[in-house]
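Below: the structure, in structure tokens.
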Amino acid sequence: MLTLILVDLGWGGYTPGASRWYLIHEESLTPYYAFDTVVGVSTWDGTGSRCSFSTSVERADYVIRTYSYDPTVDTGFAYYDGTYLVDFADNWLFDAPGLTGIRTLKFPLTVGDSWQATDTCIYPLNTRIPTGGDEDWDGIVDSVYFSPSYATLAYYSGDTAEVFVSPYVFTIVYTNTYPDTGSTFICCTELSIHVYLHIRYVNPLGLTYYSIDTVVYYQTYAIVDTSTTPWDTTYVPPSRIDTYYDYMTWTYTTTGIRENSVLPPVNVYRLEGRRLHALRDMTVYSHDGRLVGRLRRGQRIDLKPGVYFLKGRSGVRKVVVR
């Protein structure tokens, strides 16, 4: 049985000044590049998180820049607490972690070993916390909670380790209500997101492959009958409403944007008839400036014929719905 003790963050590629290029594929989007740079490695006692380490741990802060028609800059950090390598913390470009970070490796490395994947130093499990925004546009800040999720070391040989997270689970809790029938309304919708991940590290390069293989959405809600006294509430069991395959892949590459200076535009939406699918987070406005809706990546909305403006991180785009 092969084992390895991680003595610092260097095995994960997190050394001061280290940098990596990635080629990114996202569903139907045009492939683009990202550049990851470690801007500092320091000791950390858990300040700013729920954890307090009796012995300071190593923490690496990094910056990621994407190079495409829709360029973005993001920051994040990774740390090693003596048992787990935690990656993707405070980072949204990788999509899956929900800003919690993931325990991507457990040491000593043992093939077949499984562990709780969610980094609970950031947020506790099964506890609703504010999302920081009003996701359903009802004037109330919504919440999210993280369910137990498990990672497994599927392969380890020489300098390469591969991990699967099957799945990483978090649930967004919405507060909005809307009519169902004449005497009933729907409330308390919960959207549970199951993300299946494949992660590869190569010593000393670090992360060389990150794939969101599948994303599955489940939804549950309550139906409230106002014709009864007291009001009757019927809870609808969770049902699968959407599945996305080959959602996102980051692949380490030695080819950077300097060798591919001209890239075609990246699509941020897909229009099927009058149904708009958001491929990136966006806000939708009518031609007269009225807010129509806020969409997270993967969500969709049915629009009436007209001219709309889609505002995202890369600017504003116009779309005509006929």
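A few points about this structure:
- Total residues in the stretch 80-99, condition under 14 Å from the mean Cα position of the chain (by Cα) and touching a residue at least 60 places away in the same chain (Cβ under 8 Å): 6
- Taking the criterion of being in contact with a His (Cβ under 6 Å, 6 or more places away or on another chain), over 24 Å from Trp92 (Cα atoms) and open to solvent by 70 Å² or more (accessible area, probe 1.4 Å), no residue of the stretch 295-311 qualifies.
- On the stretch given as the stretch 31-58, residues that are in a loop (DSSP other than H, G, I, E, B) and either basic (Lys, Arg) or over 17 Å from Tyr252 (Cα atoms) (or both) total 12.
- Look at (1) closer than 13 Å to Tyr14 by Cβ; (2) without any contact (Cβ under 8 Å) to a residue 12 or more places away in the chain and you find that Phe77 fails only one, number (2).
- Listed by position, the strands (runs of 3 or more DSSP E) contained in the stretch 103-218 that have at least 2 residues being on the phi < 0 side of the Ramachandran plot and open to solvent by 50 Å² or more (accessible area, probe 1.4 Å) are 150-157, 160-173, 184-202.
- Subset of the stretch 61-119 [closer than 21 Å to Trp44 by Cβ and of a type in the set (A, V, I, L, M)]: Val63, Ile64, Ala78, Leu85, Val86, Ala89, Leu99, Ile102, Leu105, Ala117
- Among the residues listed as Pro167, Pro124, Pro148, Pro204, the single one being in contact with a helix residue (DSSP H, G or I) (Cβ under 9 Å, 6 or more places away or on another chain), under 24 Å from Tyr79 (Cα atoms) and touching a residue at least 12 places away in the same chain (Cβ under 8 Å): Pro204
- Within the stretch 48-67, the presence of at least one residue that is small (Gly, Ala, Ser), within 25 Å of Phe164 (Cβ to Cβ), open to solvent by less than 10 Å² (accessible area, probe 1.4 Å) and modelled with pLDDT of 90 or more is confirmed.
- Unique match (being modelled with pLDDT under 90, surrounded by fewer than 17 Cβ atoms within 10 Å (Cβ to Cβ) and more than 17 Å from the chain's Cα centre (by Cα)) among Val236, Val262: Val262
Quick grid of which residues meet (1) closer than 23 Å to Ile24 by Cβ; (2) at pLDDT 75 or above; (3) of a type outside the set (Val, Ile, Thr); (4) in contact with a Pro (Cβ under 9 Å, 6 or more places away or on another chain):
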residue: Gly273; (1), (2), (3), (4): no, yes, yes, no
residue: His277; (1), (2), (3), (4): yes, yes, yes, no
residue: Ser286; (1), (2), (3), (4): no, yes, yes, no
residue: Leu295; (1), (2), (3), (4): yes, yes, yes, no
residue: Gly312; (1), (2), (3), (4): yes, no, yes, no
residue: Lys318; (1), (2), (3), (4): no, yes, yes, no
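- Only residues that are more than 24 Å from the chain's Cα centre (by Cα) and either crowded, with 18+ Cβ neighbours inside 10 Å or assigned to a strand (DSSP E or B) (or both) were counted across the stretch 278-294, and they come to 4.
- Residue list for the stretch 68-94, restricted to those being of a type in the set (Gly, Ala, Ser) and either farther than 30 Å from Arg280 by Cα or surrounded by fewer than 19 Cβ atoms within 10 Å (Cβ to Cβ) (or both): Gly82
The values are calculated or read from the model by the stated rules, or taken from the named source; none is laboratory data. Just so it is clear, the structure is predicted and the values come from calculations on it, not from any experiment. No Cβ is skipped: glycine too gets one built from the backbone with ideal geometry, and neighbour counts run over all protein chains shown. Protein only, heavy atoms only, side chains kept; ligands, DNA and RNA dropped before computing areas. Shrake-Rupley method; radii C 1.70, N 1.55, O 1.52, S 1.80 Å.
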